[in-house]
Amino acid sequence: MTSLMDQLAARIHSDGTISLADYMADCLLHPEHGYYTRQQPFGATGDFTTAPEISQMFGELIGLSLAQSWLDQGAPKVFTLAELGPGRGTLMADLLRATRAVPGFHAALRLHLVEASPSLRHTQAETLKGYEVTWADSIDTLPQQPLFLVANEFFDALPIRQFVRDGAGWRERCVGLAEGALCFGLGPAAPQPALEHRLADTKPDDLVELCPASPPITASLAQRIAQHGGAALIIDYGDWRSLGDTLQALKSHAPVDPLHAPGTADLTAHVDFEVLCSVATGAGCSHSRVTPQGVFLERLGITERARTLANRLDGTALDSLIAAHRRLTHPDEMGNLFKVLGITPATTSLPPGLTS
Ligand code: SAH
């Protein structure tokens, strides 16, 4: 079996350098060697820990926010409950448990998970045993009906392209080969229509990122929400507009060289929320402010929820609950780095926890 490194080297040798997006796509989702295809990256023994894996409170509060939004929109009798990139299925399991008490919610929901990795689909099926689940390769096949959707750390896993400003043009950062090892290089300067608006706020040698998959995915969910009703909660790290290199490779909870041992580390990049907002607006939706995760969770009552859970705990279980609350909300931990964006039809109120 040839390694992903050997395959990439052969491809670059015969066809020339590849874009960073092509490199990331192979590293993450190559059918044989892709990071998400091969391994179980989450948790203490994996490479990174996500919010739902830190505490059940995260998925519970997301669930209550979406269920309230469903009630606010007249409790449609049939709707799609969808998650993009559900990982181990933990968030969805917590969401479903917390919404059991909402009359009619479970009877009306049709559960759809958009997941590219066969091995993670298997894990999700185990976690969500007892629920009827439909898996999809792409958001485009979700039914045309009201859509209530969550995506946590999904957009940051989509491949990005990077460009360095050169006069009024841009040089694309690509992946090539030097002395048998992968290396970064820059392509020739060329205009980039998608970066026209960035000529105003960048200077020579600035680096900006584009995530080609993010606008069509956002357009697809926003079209359903604008036309049929619903709400999306998108949680990720990033900010308004990208500036600078945010590509990051993580292995065993530590940063590593993104070009080293392709397919063995998690590769992510910050999400440019401006793009998501403008696509949502263009599709006829409203969107919330890009809200720090800590603020969102506090507004939804995470401290109250933690107190209730704490009443039943002591010793190390209590210590770890307190640590989880801090980790999810504190500005020095995930509270500020991670942002929440809500998308709804232009005519309806935002899900609880968010403001316009
Ligand atoms: N939401 C989970 C997992 C985040 S990791 C959590 O918070 O724990 C990213 C997830 O997105 C993984 O499940 C990965 O397999 C999936 N994924 C990455 N790229 C994808 C793509 N293009 N299409 C569908 N799923 C994808």
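Structural remarks
- In the set S69, S117, only one residue is surrounded by 18 or more Cβ atoms within 10 Å (Cβ to Cβ) and at pLDDT below 95; that residue is S117.
- Within region 223-251, considering residues that are more than 20 Å from P52 (Cβ to Cβ) and small (G, A, S), the one surrounded by the fewest Cβ atoms within 10 Å (Cβ to Cβ): G244
- Any hit, region 127-134, residues being of a type outside the set (F, W, Y), within 12 Å of the ligand (Cβ to nearest atom) and crowded, with 21+ Cβ neighbours inside 10 Å: no
- Residue in region 280-296 that is touching a residue at least 24 places away in the same chain (Cβ under 8 Å) and either of a type in the set (K, R) or at positive phi (or both) present: yes
- Scanning region 85-120 for residues being in contact (Cβ under 8 Å) with a residue 60 or more places away in the chain, part of a loop (DSSP other than H, G, I, E, B) and touching a strand residue (DSSP E or B) at 6+ places or on another chain (Cβ under 9 Å) gives a total of 2.
- Residues that are within 16 Å of the ligand (Cβ to nearest atom) and not small (G, A, S), drawn from region 154-177: F154, F155, D156, L158, P159, I160, R161
- Screening the candidates A75, A82, A67 for the property of being over 30 Å from C174 (Cβ atoms), assigned to a strand (DSSP E or B) and of a type outside the set (D, E) yields one hit, A82.
Residues checked against (1) modelled with pLDDT of 95 or more; (2) near the ligand (Cβ under 10 Å from one of its atoms); (3) surrounded by fewer than 18 Cβ atoms within 10 Å (Cβ to Cβ):
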site: L91; (1), (2), (3): yes, yes, no
site: L96; (1), (2), (3): yes, no, no
site: H112; (1), (2), (3): yes, no, no
site: E179; (1), (2), (3): no, no, yes
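- Test result for P31, free of Cβ contacts under 8 Å to residues at least 40 places away in the same chain and within 13 Å of the ligand (Cβ to nearest atom): yes
- Residue list for region 121-152, filter: more than 26 Å from T348 (Cα to Cα) and part of a loop (DSSP other than H, G, I, E, B): L128, K129, G130, Y131, E132, D137, S138
- The residue list A249, A151, A194 contains one member that is without any contact (Cβ under 8 Å) to a residue 24 or more places away in the chain, within 16 Å of the ligand (Cβ to nearest atom) and in contact with a strand residue (DSSP E or B) (Cβ under 8 Å, 6 or more places away or on another chain), which is A249.
- Looking across region 34-64, just one residue is outside any loop (DSSP other than H, G, I, E, B), of a type in the set (D, E) and in contact (Cβ under 8 Å) with a residue 60 or more places away in the chain, and that is E60.
- Residue in region 318-326 that is of a type in the set (V, I, T), out of contact with any Gly (no Cβ under 8 Å at 6 or more places or on another chain) and closer than 19 Å to M57 by Cβ present: yes
- Any hit, region 8-16, residues being of a type in the set (S, T, Y), surrounded by fewer than 22 Cβ atoms within 10 Å (Cβ to Cβ) and either outside any loop (DSSP other than H, G, I, E, B) or in contact with a Phe, Trp or Tyr (Cβ under 7 Å, 6 or more places away or on another chain) (or both): yes
- Considering the conditions (1) at positive phi; (2) touching an Asp or Glu at 6+ places or on another chain (Cβ under 6 Å), P41 is excluded by exactly one of them, (1).
- Of all residues in region 122-148, those that are within 26 Å of A25 (Cβ to Cβ), of a type in the set (D, E) and in contact with a strand residue (DSSP E or B) (Cβ under 9 Å, 6 or more places away or on another chain) total 1.
The values are calculated or read from the model by the stated rules, or taken from the named source; none is laboratory data. None of these values were measured; they are calculated from a predicted model. Ideal geometry is used to build each Cβ from the backbone, glycine not excepted, and the neighbour counts take in all protein chains shown.
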